[in-house]
Amino acid sequence: MAIEQKAGSTFNIPLGPVHVALEEPVYFDLQVEGEIIRGTTLHSGHVHRGMENLAQHRNLIMNQTLTERVCSLCSNSHAFTYAMVVENALGIKVPERAHYLRTLTEEIKRVASHLFTLAIQAHLCGFESLFMHTMEIREIMQDVKESLYGNRMNLAFNCIGGTKFDLDQECFDFLEQSLEKFMPQFREVLDIFETDPLICARIQGTGILPKEEAIRLGVVGPVARGSGLNIDVRKETPYAAYGKVDFDIVTRDGCDLYARTCVRLHEVLESVKIIKQVIRDIPEGETRVHMTHIFPSQAVARSEAPRGEVIYYIRTNSTEIPERLKWRVPSYMNWEALGVMLRNAKVADAALITNTIDPCVSCTER
Amino acid sequence: MQEVIQGNTALINTLAKLCREDGVRHDTDMSGNAQHWFELRSPSLITAAAAALKDTAARLSLISGYSRASQPDAEEAPYAACYHFVLDSVIYNVTVTLTRKEPAVPTITPWFANADWHEREMIELVGITVSNQPNPDRLFLDASLDPGVLNKLVPLSVMMNGACTKDLWEHILTRREGK
């Protein structure tokens, strides 16, 4: 790591874009006084892919495949929200069973995504056994994804008008058995994250994002909810089957890493609650209707991805190629919050604080 | 269409006054959630719209800048931007159209700090001019690349299929005609 001395006791430390303490290719210019960070400048653009432009050269069906590749952890949220925005623009009514299947899939992905972030957090705290334990539990959900959908990350389940295939009772039985195996182990890990002195000492009071700053910066997802903001698209504007299942928005007022950790941990419990309700209540019927005609229109669609609100905007014309397809990922709104969280933090905590927004450069740069 | 108009009535009325004739639409998505669409008379009115939205504690969710190249009046009005705000479970979409006479849209960062990245991306990737942007540094692409560079992209798939489809040739013709 090169260190550049600016003036007096102030140093600039470059962190990234390829750095052992960062899982993502982004570059931070940390202005440091002693071991305390006084300012942060973020430079991105290292993996920009121009995906929005590519989307304007592909037809509506091809874009279903493209948008699933915006991100890996929340790949399903992109394919799902993309399908919804097209359905909103063209007035396509999705069958009820597909709404439940989409909800189920989102929550399975959310559990796996949250556990991954929590595992990385344990790793950055130097708690390797907790890291491995969390990843081991996550593997149960990875197995679920592979067994139900045939893939561990990009599930390729959503399509315009519903889902590409149905899930049968055997799939639901396997899912229930997996949850029975998952829950006791997860409760054990939840307890360690919430009460272990090593973890608590490292994350309590670290990476503070006051509520008023969270509002000013428009942050979303667990980052917002960890600063006391009661926002969740699943409740605000219910989509798919979210209006028909019972669950709570998890919030904490601590505004620190600990608060955000608790939000993610308890959101896993809420997701499991939703999954069980879907298995119990899912109606019989078709899982897909076909897109029959394309006409000039515009629409937006939002969903609550594991990292927070995803929003898609589409403009269609009379052709099969969209005139404009634009999306905004949750990380995009949360990066600027790092400037607040890192201010007056220790250099040693920089990677840990960065991880707390569950950053995704792949999403952000598209 | 919404059977009963949902949302903040005072805000809807304020935004409607800034719109062109027939520039207001009250809609719902396929899940029944309310959305409002406003087309402002002039790009400069976005500041008045932003101030009204900020007063009601709305949240800026997205700004979608886009080229109007396929529209019949694209010569006169080449770009537009749609600003998406969320307030109490309702989405307010506010569109401005940039014309040859008014080719720039003012920044809304004084009201919404999180507009910074959206505006910079719009400048950088679409080529839209945002006036008084307080932080107009590059967001993603290297400074040596021209603004709106992605509008000039010929996708690899079009290149690779150049021998068996007419897409590449049509792309070249379009460029030669200066479209």
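For this structure, a couple of remarks:
- Kirkwood hydrodynamic radius over Cα pairs of the protein assembly as shown, then Stokes diffusion coefficient at 4 °C and 1.567 mPa s, in µm²/s: 53 µm²/s
- Per residue of peptide A:211-223, the mean number of Cβ atoms on other chains within 10 Å of the residue Cβ is 2.
- Length released on extending from residue B:102 to residue B:165, taking residue separation times 0.36 nm less the Cα-Cα span: 18.8 nm
- Charged side chains reduced to their Cβ positions (Lys and Arg at +1, Asp and Glu at -1) give the stretch A:49-330 a dipole of some 1000 debye around its Cα centre.
- Per-residue [θ]222 nm for chain A (sum of -39500 (n - 2.57) over DSSP H runs n ≥ 4, rounded to 500): -15000 deg cm²/dmol
- Ranked A:252, A:69, criterion: other C-beta atoms within 10 Å, fewest first: A:69, A:252
- The charge dipole of the stretch A:287-366, taken about its Cα centre with unit charges on the Cβ of Lys, Arg, Asp and Glu (plus for the first two, minus for the last two), comes to roughly 100 debye.
- Centroid-to-centroid separation of the stretch A:253-278 and the stretch B:77-118 [C-alpha atoms, Å]: 34 Å
- Separation between Cα centres of the stretch A:229-243 and the stretch A:67-95, rounded to whole Å: 16 Å
- Each of A:113, A:67, A:125 was scored by the projection of its Cα onto the charge dipole of the stretch A:66-163, and the greatest displacement toward the positive side belongs to A:67; charges sit on the C-beta of Lys, Arg, Asp and Glu.
- Efficiency of FRET between residue A:244 and residue B:75 - r from beta-carbon atoms, R0 51 angstrom, step 0.05: 0.55
- Potential extension, residue A:320-residue A:128 segment - 0.36 nm per residue separation minus Cα distance: 64.1 nm
- Kirkwood-based Rg to Rh ratio, the stretch A:194-240, C-alpha trace: 1.11
- Remark: relative contact order (chain A) = 25 percent; criterion is Cα-Cα distance under 8 angstrom and separation of 6 or more residues.
- Summarising the label geometry, the points placed 7 Å from Cα in the beta-carbon direction at residue A:195 and residue A:344 lie 3.2 nm from one another.
- Comparing A:158, A:63, A:317 in a Gaussian network model of chain A where C-alpha atoms under 10 Å apart are linked, the largest mean-square fluctuation is found at A:317.
- Spin-label pair residue A:49-residue A:153: with each label point 7 Å from Cα along the Cα-Cβ axis, the two points sit 0.9 nm from one another.
- Total charge dipole magnitude, the protein assembly as shown, about the Cα centre, Cβ charges on Lys, Arg, Asp, Glu only, Debye to nearest 20: 1080 debye
- Look at A:327, B:169, B:111 and count the other Cβ atoms within 10 Å of each Cβ; fewest to most, that gives B:169, B:111, A:327.
- Going from the residue with the fewest nearby Cβ atoms within 10 Å to the one with the most, A:360, A:159 rank A:159, A:360.
- In the protein assembly as shown, a dipole from Cβ-located charges (positive for Lys and Arg, negative for Asp and Glu) runs towards its positive end, and of A:329, B:92, B:133 it is B:133 whose Cα lies farthest in that direction.
- Think of the protein assembly as shown as a dipole: +1 on every Lys or Arg Cβ, -1 on every Asp or Glu Cβ, centred on the Cα centre; then among A:207, A:26, B:165, B:165 lies furthest on the positive end.
- Amide N of the stretch A:275-303 lying under 17 Å from the label point, which is placed 7 angstrom from the Cα of residue A:176 along Cα→Cβ: A:275-284
- Amide hydrogen proximity for residue B:65: with H placed 1.01 Å from N in the peptide plane, the residues at 5 or more positions away or on another chain lying under 5 Å are B:82.
Readers should treat all values here as calculations from the given coordinates under stated rules, not as data from a laboratory. The structure presented is a predicted model; accordingly, all values stated were derived computationally and were not measured. Note that each Cβ is placed from the backbone with ideal geometry, even for glycine, and that neighbours are counted across all protein chains shown.
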